[in-house]
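Q: If you scroll down you'll find the structure; I have some questions about it.
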Number of protein chains: 2
Amino acid sequence: MINPFTDEYFMKKALQEAEMAFEKGEIPVGAIVVIDNKVIARGHNLTEMLVDVTAHAEMQAITAAANYLGGKYLIGCTLYVTLEPCQMCAGALYWSQISKIVFGASDENRGFVKMGTQLHPKTTVVSGILANEASELMKRFFVERRK
Amino acid sequence: MINPFTDEYFMKKALQEAEMAFEKGEIPVGAIVVIDNKVIARGHNLTEMLVDVTAHAEMQAITAAANYLGGKYLIGCTLYVTLEPCQMCAGALYWSQISKIVFGASDENRGFVKMGTQLHPKTTVVSGILANEASELMKRFFVERRK
């Protein structure tokens, strides 16, 4: 039997969140948190609307997932995010002890990989899932903003 | 004339915030944001109460300061925090473009200096202000928690 719950399946849901950010004029990044193939939290970038540099998609999804679980550690959870997390978000993910991070497009300038941010030793990382879709959305956003 | 608005003066206010965290059973870290010698935001660690790893003192102070200013960049502001910021908080401070960070005690294990987290190039850092007071409060917290 084919497992429908692939990384692509969940990343599509994160992309839907990114599209919601796009529609609000926010840099289009979306994130969801999944446990046992169930989506327990969603978030999209709201830094402009909330006038708050900390309002990244991941931060909101981490907070919402902890709220759902009733505990601040996200052990057993996977975060799907359309863009590679920054230092701040990777630092939050470190504290959360999340089990897995799946990201789409890489951020060569400000992503945690280049920045050298440490994740929790128990966290595994998968990258490049639906990266083209995430990149295209970002490119479209910056083209439209320049108009 | 002697300037009363020294780093020690403001760090005492951050220590008051740390004491509020202590009284709530939270790891005692406090932070304030100052602009033109005026305190515009306060925060103390609330990770247990809010069940949220992102609820560090600095994160709350950054959000509150941006709310006060009506803009997400903290240019011209100084953050006073009793303990060296972690990767997450330093990452948030990077995005905020804050002008100055003053911290008390160093965090040799999880502080941003050892972790190599990048701050904004325009941010200056002062460390060791009332470091003993901040350290003593932390030690007292962990001694009491072990009882």
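Q: Put the label 7 Å from Cα along Cα→Cβ for B:VAL51; what are its distances to the other copies, in nanometres, shortest first?
A: Taking the point 7 Å beyond Cα along Cα→Cβ, the inter-copy spacings are 3.1 nm.
Q: Sort B:VAL125, B:VAL34 so that the residue with the fewest other Cβ atoms within 10 Å of its own Cβ comes first and the one with the most comes last.
A: Lowest count first: B:VAL125, B:VAL34.
Q: How much net charge surrounds B:GLY71 when only other residues with a Cβ under 12 Å from its Cβ are counted (Lys, Arg +1; Asp, Glu -1)?
A: The answer is -1.
Q: When N counts the residues of the protein assembly as shown, how does its alpha-carbon radius of gyration compare numerically with 2.2 N^0.38 Å, as a ratio?
A: Dividing the Cα radius of gyration by 2.2 N^0.38 Å gives 1.01.
Q: Pairs of alpha-carbon atoms within less than 8 angstrom and 6+ residues apart define the contacts here; what relative contact order does chain A have, in percent?
A: 21
Q: Take every residue in peptide A:78-86, count the Cβ atoms of other chains within 10 Å of its Cβ, and give the average of those counts.
A: The per-residue average across the peptide is 1.
Q: If you place +1 on the Cβ of every Lys and Arg and -1 on the Cβ of every Asp and Glu, how big does the dipole about the Cα centre of segment A:22-147 come out, in debye to the nearest 20?
A: Dipole magnitude for segment A:22-147 comes out near 80 debye.
Q: Kindly identify segment A:1-133 as rounded, prolate or oblate by the Cα gyration tensor criterion: order the square roots of the eigenvalues as a ≥ b ≥ c, call it rounded if a/c is under 1.5, otherwise compare a/b with b/c, prolate if a/b is larger, else oblate.
A: Note, shape of segment A:1-133 comes out rounded.
Q: If you average the alpha carbon positions of segment B:1-69 and of segment A:97-147, how far apart do those two centres end up, in angstrom?
A: Answer, in whole Å: 31.
Q: So what is the relative contact order of segment B:1-53, in percent, for Cα pairs below 8 Å that sit 6 or more residues apart?
A: That works out to 28 percent.
Q: What number comes out for the charge environment of A:HIS56, summing +1 per Lys or Arg and -1 per Asp or Glu over other residues with Cβ under 15 Å away?
A: So the surrounding residues net to -4.
Q: While we're looking at this one, here's another question. Where a Cα-Cα gap under 21 Å defines reach, which lysines qualify for A:LYS147, not counting those fewer than 8 residues away within the same chain?
A: The reachable lysines, counting only those whose Cα sits under 21 Å from A:LYS147, are A:LYS24, A:LYS139.
Q: Nearest 5 is fine: what % of DSSP beta bridges in chain A come out antiparallel, could you say?
A: 55
Only the coordinates and a few stated rules stand behind these numbers; no lab work does. Please read all numbers here as calculations on a predicted model, not as lab measurements. Every residue, glycine as well, gets a Cβ built from its backbone with ideal geometry; the counts of neighbours run over all protein chains shown.
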